[in-house]
Amino acid sequence: MAKLNPTDLYDVRSLLSEEEVMIKDSVARFVDERAMPIIAKHFDEATFPADLVPEIADMGLLGSSLEGYGCAGLNGVSYGLICQELERCDSGLRSFVSVQSSLCMYPIHAFGSEEQKQRWLPGMATGEIIGCFGLTESHGGSDPANMKTHARRDGDDWIVNGSKMWITNGTIADIAVVWARTEDGIMGFVLEKGMPGFDAPEIHSKMSLRASVTSELYFDDVRVPDSNRLPGVVGLKGPLSCLNQARFGITWGPIGSAIACLEEAIEYTADRTLFGRPLAANQAIQIRLAEMARRITTAQLLSLQLGRLKDAGKMQPTQVSVAKWNNVRMALDIARDCRDILGGSGITTEYQAIRHMLNLESVITYEGTETVHQLVVGRELTGLNAF
Ligand code: TGC
Ligand code: FAD
């Protein structure tokens, strides 16, 4: 019998189309050759690997599932595979692509005017315009309906006041899709770097997502022309629709983190000799590794079926919640366990496990905390809203 691939026990690869395999392999090559060699240093120094952005753009990874405007028009499964391979390197790299694609380009594509799409999307696809997405506020990200940031109409303009917290890419972004309360409901505005009263300081001292920029956004009487308001949506369903796209990608990404950790632990336990035999020869270690492979396999099948539902236009938010909850929890547990299996070596960034473990502490919090997703599923089962 052929030897199984430890990180693809069910041969999920064989369920992919030729094009999907090609995309997965080319992103994997980029990750191995260009991103892996530099990522630990960026994490240590808390810097974003901005030099990789032009290559990421050249591969068509920005706005990859959007049609037109210089975007690649790939299917959902391909976007998922891109996220998986990027996060095999680091959640920060995947975060950059998620935010640019699903949280900034997607709302402009879905809710923007033709003029807005022409103005921003081609430059975002080439990575010349970087975007961020401002929904969360400091008084409670899980409850965006309690938004305080507001926009008041003033002639042909809007005056925006308020602040946002924990915003990926904020400080390096040229534009920010900002959700604000108005007299007529919540609306999306595209704020541009340099608009008077708009500031985006970086948040420092993070122990997680250190290779990603996270920022606060401040709006002090920012005058925004009505031509920068996204005309196609009013209400919380605007930002929540963007989250469906990004959360879908996040169900795939942590599979990559978990694969990186398991591969590292298999290699480490084979090489390390304790009590006269390889660490991997102990039952207690094998059970832990087997458990990891079982959970990765489950997550792979979950995300693939979610992707097939998405590509058939049938994906529902509750299904996204099941997979975000399951797959991030799976990866976080695996990263923590691998960190332990590596012993003292596992506490340095010479190995990957602790970096993935620390990153996944953010991934389990952002895009809906684990509890938020559990309660979405609970509501589906009971018909009762526990929020
Ligand atoms: P509710 O107030 O009842 O509904 C408001 C309106 O929204 C609609 N809706 C959705 N639409 C599309 N997709 C969804 N998933 C939707 N969920 C709700 C709903 O139908 C309603 O529409 P309408 O027309 O009737 O007005 O909201 P709810 O009770 O369903 O939601 C509650 C809850 C807690 C699930 C929601 O507020 C939530 O998801 N909270 C978590 C917030 C969150 O995830 N924030 C993430 C911020 S962005 C981020 O973290 C980026 S990190 C990225 C990175 O670096 O990779
Ligand atoms: P809170 O909402 O205050 O939650 C605190 C705790 O309470 C959590 O454990 C939560 O599960 C629990 N809780 C909440 N409600 C309930 C309940 N009803 N019952 C039981 N328990 C509950 N946001 C953006 O808008 N754009 C971004 O680009 C972005 N990037 C991010 C990057 C990073 C690195 C991080 C860490 C966050 C980012 N976020 C972003 C914000 C993220 O979405 C929020 O952190 C998240 O939604 C949780 O909000 P909170 O941090 O205010 O926690």
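Coordinate-derived values only; no laboratory data. The structure displayed is predicted, hence computed values, not measured ones. Don't worry about glycine lacking a Cβ; one is built from the backbone with ideal geometry, like all the others, and counts go over all protein chains shown.
So, in the stretch 368-387, of the ones that are under 16 Å from residue 250 (Cα atoms) and not in a helix (DSSP H, G or I), which residue ends up nearest to ligand 1 (Cβ to nearest atom)? Selected residue: 368. Considered as a group, the residues in the stretch 283-316 that are of a type in the set (Gly, Ala, Ser) and in a helix (DSSP H, G or I) include one that is farthest from residue 77 (Cα to Cα), and that residue is 284.
Applying the criterion of being assigned to a loop (DSSP other than H, G, I, E, B) and under 23 Å from residue 100 (Cα atoms) to the residues of the stretch 144-164, the residue that is farthest from ligand 1 (Cβ to nearest atom) is 149.
Residue pairs whose Cβ atoms lie under 7 Å apart, separated by 6 or more positions or on different chains, with the first residue in the stretch 371-384 and closer than 17 Å to residue 329 by Cα and the second crowded, with 17+ Cβ neighbours inside 10 Å and of a type in the set (Lys, Arg), are 373/324.
A count restricted to the stretch 166-223 and to residues that are on the phi > 0 side of the Ramachandran plot and away from ligand 2 (no atom under 11 Å from the Cβ) stands at 5.
Within the stretch 62-74, is there a residue that is under 29 Å from residue 210 (Cβ atoms) and not small (Gly, Ala, Ser)? The answer is yes; a qualifying residue exists. Cβ-Cβ distances below 7 Å connect the following pairs, each with a first residue in the stretch 232-257 that is closer than 12 Å to residue 300 by Cα, a second residue that is within 8 Å of ligand 1 (Cβ to nearest atom) and among the charged types (D, E, K, R), and a separation of six or more residues or different chains: 253/94.
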